[in-house]
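Note sheet for the following structure.
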Ligand SMILES: *Cc1c(COP(=O)(O)O)cnc(C)c1O
């Protein structure tokens, strides 16, 4: 076998079909053994719960090649755990954590020629998901479910270098108090589509969502958590029950504390405080951390003093350190790197 003939540095972030995906079905109260299959299509009832009532959850993680040629994933056990939490909130059966990690390993091994080489900046994106598959017309959870996991190569998130983005304060809400903001459910994204299309149309890269109840506290964007840096180099991240607990953000907080010796704080962050921070970043699997240069609050611009036109020094150092850990150039904390091959 040989690496696929793909222009790794120029593939962008889109779906490309690969050879095998993992599928397991839940029926009569139990998951089947699961298997790798070649069919990339899904056939379900026209009345499937996922199609009528959006009973679906997902995860996202990456496989990539380290500096010494190993193929690895970053903390897949935390994706497995988060999917358990998501399933419970949407009344779906739990896909066991060990089986989730095994499905990750099997799928990457079966598509090993699609894992981009070290240094290309590209990765093999993995998308585990689960949905209610049998017919439901009265509103209730499905009886049958499908868990799937496919792989698709994606290009470097930042082509031509990391550049700070501009975001706007959104008048739309992302998540209700006591709602589903803390789980990775498709429904959270369906309702964010209008807000992001509108933001892009007005020239902004992302939406900053405030808490829906009081509109005074910073929550997150549509798909990434915030990190802020104070004047005295403290790292602050918003705490809220309606934020999705990003694995990248949690890892960066550990990196800040244990590798860079910085003070870290997870607490409520009031929008009023934002102008006092000197750097801001958005954390998620896709970009690791993208610098935010400017927040537009209904026409009023808040520019981060140390990261407005170029990525700031603290966000930059955090980014270098975590990507160094992921790529095997810096020793990882115990259990962070799952070796596939
Ligand atoms: C997936 C996601 C994130 C990022 O989480 P990671 O585990 O770091 O990829 C942040 N916010 C939302 C709403 C998400 O869905």
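The values are calculated or read from the model by the stated rules, or taken from the named source; none is laboratory data. Remember, predicted model here, so these are calculated numbers, not experimental data. Cβ coordinates were reconstructed from backbone atoms using ideal geometry, including for glycine residues, and neighbour counts include every protein chain displayed.
A few points about this structure:
- Matching option when the condition is farther than 19 Å from residue 150 by Cβ, touching a residue at least 24 places away in the same chain (Cβ under 8 Å) and surrounded by fewer than 18 Cβ atoms within 10 Å (Cβ to Cβ), among 94, 101, 67, 84: 67
- Extreme residue, farthest from the chain's Cα centre (by Cα), among residues of the range 274-290 that are within 16 Å of the ligand (Cβ to nearest atom), more than 16 Å from residue 168 (Cβ to Cβ) and in a strand (DSSP E or B): 281
- Residue count for the range 234-244, restricted to those that are touching a strand residue (DSSP E or B) at 6+ places or on another chain (Cβ under 8 Å), within 13 Å of the ligand (Cβ to nearest atom) and not in a strand (DSSP E or B): 3.
- Test result for residue 128, in contact with a helix residue (DSSP H, G or I) (Cβ under 8 Å, 6 or more places away or on another chain), surrounded by fewer than 22 Cβ atoms within 10 Å (Cβ to Cβ) and closer than 19 Å to residue 285 by Cα: no
- Filter result for the condition that a residue is crowded, with 18+ Cβ neighbours inside 10 Å and not assigned by TED's automatic domain parsing to the domain that holds residue 108, over 313, 291, 333, 275: 291
- Residue in the range 68-79 that is closer than 14 Å to residue 130 by Cα and not assigned by TED's automatic domain parsing to the domain that holds residue 247 present: yes
- The one condition in (1) within 16 Å of the ligand (Cβ to nearest atom); (2) in a helix (DSSP H, G or I); (3) out of contact with any strand residue (DSSP E or B) (no Cβ under 8 Å at 6 or more places or on another chain) that residue 258 fails to fulfil: (1)
- Of the residues making up the range 44-65, those that are assigned to a loop (DSSP other than H, G, I, E, B) and closer than 17 Å to residue 105 by Cα are 59, 60.
- Flag for residue 202 being away from the ligand (no atom under 14 Å from the Cβ), out of contact with any helix residue (DSSP H, G or I) (no Cβ under 7 Å at 6 or more places or on another chain), free of Cβ contacts under 8 Å to residues at least 60 places away in the same chain and closer than 30 Å to residue 335 by Cβ: no
The rows are residues; the columns are (1) in a helix (DSSP H, G or I); (2) within 14 Å of the ligand (Cβ to nearest atom); (3) more than 26 Å from residue 308 (Cβ to Cβ).
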site	(1), (2), (3)
151	no, no, yes
156	no, no, no
166	no, no, no
171	no, no, no
175	no, yes, yes
179	no, yes, yes
189	yes, yes, yes
198	yes, no, no
207	no, yes, no
